[in-house]
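**Student:** The structure under discussion is supplied below as structure tokens; questions concerning it will follow.
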Amino acid sequence: MEHSGTDPFEPRPRRRTLITGAGGQLGVALAEVFADDDVTALSRSAWDVALPAPAGLPEPELVLHAAAWTDVDGAEADPQSAAAVNVGGVAHAAALGAPLVVFSTDYVFAGDRSAPYVESDSPGPLSVYGATKLHGEAAAGERAWVVRSSWLFGPTGHNFVRTMLRLGAERDEVAVVDDQRGCPTYVGHLAAATKELVDAGAPFGLWHLAAQGDCTWAELAEAVFAEAGLECRVRRIPSESLDRPARRPAYSVLRSEREDVPVLPHWRDGLRACLARL
């Protein structure tokens, strides 16, 4: 029998995967989940994505673009810098020529409804941040999965859960807004769903990947304190009392209308998984 030339016992070559924003909470989670790939993980110091890619990068077969300007209020004061990262950065990642995963946000929606947003719903960002993320989606090109998620948290980086843990240990009471509703999503679960999407050969385009369930920021804070055993009260306040520069959507729950979409665990399960890592 003639040998086919393919040894079934020979390990397959590892996929060359490049991760931008590797120092951030999502980038760290992606590097863990995609660890079986041949990963090049670039933090901002290695590649500021507002600039074209540095010379000498290995040619990737997959790009996971986690780098982003995430300072929602700061974008109002410096829209050009936010756009340089959130729009220009996506274009620079796409220019690498490999299939691309771009991460976007529930803040592309206006939030003026009470039913979940699906991929075909029309966006209408209220903030500069949301607008730059929407323009970034368009800059991703034809060979991209644009993954919208929401209210990300994890055991590293700056996020609401870590902030509440710190404040809850220091104070008897914290004031938290109770008129914004979304899907708090654990970065570990988002990273795993992203790998499932890519490995399944899912079609390029828009995908909503967010945790099951929904809550307000105040409800999330109460859950953090309960799970962590912190004796801290939550005083529920309206958004307008904070007088923040950027408007946030009042309701930005994400769901998917796509077939075979990866389903993430409930946000409470994500919270427990996160706290177990801290």
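**Student:** Would you please give the FRET efficiency between E257 and D172, computed as 1/(1 + (r/R0)^6) with r the Cβ-Cβ distance and R0 = 35 Å, to the nearest 0.05?
**Tutor:** Computed FRET efficiency for E257 and D172 comes out at 0.20.
**Student:** Once you keep just the Cα pairs under 8 angstrom separated by 6 or more residues, what percentage relative contact order results for the chain?
**Tutor:** Over the chain, the number comes to 20 percent.
**Student:** List the GluC sites (Glu not before Pro) within the range 232-272 that fall in a DSSP loop (any state other than H, G, I, E or B) and whose Cβ has at most 16 other Cβ atoms within 10 Å.
**Tutor:** E257, E259
**Student:** Follow-up question, since we're still on this one. If I take every Cα pair under 8 Å that is 6 or more residues apart in the range 172-278, average their sequence separation and divide by the length, what percent do I get for the relative contact order?
**Tutor:** Once divided by the residue count of the range 172-278, the mean separation gives 48 percent.
**Student:** What's the Kirkwood radius of the range 230-278 in Å, using all Cα pairs?
**Tutor:** After inverting the pairwise mean of 1/r, the radius is 15.0 Å.
**Student:** Additional query: Each residue of the range 263-278 in turn: what ³J(HN,Hα) in whole Hz from Karplus with 6.51, -1.76, 1.60 and θ = phi - 60°, glycine and Pro shown as x?
**Tutor:** Working through the residues one at a time gives 9, 7, x, 5, 4, 5, 5, x, 4, 5, 5, 5, 4, 5, 8, 9 Hz.
**Student:** Hey, another quick one. Please list the equivalent ellipsoid semi-axes of the range 1-101, computed as the square roots of five times the alpha-carbon gyration tensor eigenvalues, in descending order and whole angstrom.
**Tutor:** Here the semi-axes work out to 34, 14, 10 Å.
**Student:** Report, to two decimal places, the Cα Rg of the chain normalised by 2.2 N^0.38 Å (N = number of residues).
**Tutor:** Cα-based Rg divided by the globular estimate yields 1.05.
**Student:** How big is the C-alpha Rg of the range 94-191 next to the rule-of-thumb value 2.2 N^0.38 Å, as a ratio?
**Tutor:** Dividing the Cα radius of gyration by 2.2 N^0.38 Å gives 1.28.
**Student:** For the range 26-153, what ratio Rg/Rh do Cα atoms give with a Kirkwood hydrodynamic radius?
**Tutor:** For the range 26-153, the value is 0.97.
**Student:** Can you give the accessible area per residue of the range 150-246, in Å², using a 1.4 Å probe?
**Tutor:** 45
**Student:** Using 0.36 nm times the number of residues separating A226 and R272, minus their current alpha carbon distance, what extension gain do you get?
**Tutor:** 15.5 nm
**Student:** Against the longest alpha carbon principal axis of the chain, how many degrees, from 0 to 90 and to the nearest 10, is the axis of helix 217-228 turned?
**Tutor:** Its long axis makes an angle of about 80 degrees.
**Student:** Return the Rg/Rh value of the range 97-145, two decimal places, where both radii are evaluated on C-alpha atoms and Rh is the Kirkwood radius.
**Tutor:** Looking at the range 97-145, the ratio lands at 1.01.
**Student:** Where does the range 148-236 land on the Kirkwood hydrodynamic radius, alpha-carbon pairs, in angstrom?
**Tutor:** Evaluated on the range 148-236, it is 14.3 Å.
**Student:** Work out how much length E119 to S43 would gain on full extension: take 0.36 nm times their residue separation and subtract the Cα-Cα distance, in nm to one decimal.
**Tutor:** Gain on stretching E119 to S43: 24.4 nm.
**Student:** With the chain treated as a Gaussian network of Cα nodes joined by springs under 10 Å, which of A55, A202, A75 yields the largest mean-square fluctuation?
**Tutor:** In the Gaussian network model the winner is A55.
**Student:** Quick one: work out the % antiparallel among DSSP beta bridges in the chain, nearest 5.
**Tutor:** Once the DSSP bridges in the chain are tallied, antiparallel ones form about 5 percent.
**Student:** Which residue, G168, A94, A138, has the largest displacement toward the positive end of the dipole of the chain when charges sit on each Cβ (Lys, Arg +1; Asp, Glu -1)?
**Tutor:** G168
**Student:** In Å and from the alpha-carbon atoms only, list the Rg and Dmax of the range 183-278.
**Tutor:** Rg then Dmax for the range 183-278, in Å: 15.9, 47.
**Student:** ³J(HN,Hα) across the range 240-249 via Karplus (A = 6.51, B = -1.76, C = 1.60, θ = phi - 60°), whole Hz, x for Gly/Pro?
**Tutor:** Karplus values, whole Hz, x for Gly and Pro: 4, 5, 7, 6, 7, x, 9, 7, 10, x.
**Student:** Nearest 20 debye, what's the magnitude of the dipole of the chain about its Cα centre given +1 on Lys and Arg Cβ and -1 on Asp and Glu Cβ?
**Tutor:** 400
The values are calculated or read from the model by the stated rules, or taken from the named source; none is laboratory data. Please read these numbers as outputs of a predicted model, since none were measured by experiment. Don't worry about glycine lacking a Cβ; one is built from the backbone with ideal geometry, like all the others, and counts go over all protein chains shown. Quick note on the areas: whole protein, heavy atoms, side chains included, nothing else; ligands and nucleic acids left out. Shrake-Rupley method; radii C 1.70, N 1.55, O 1.52, S 1.80 Å.
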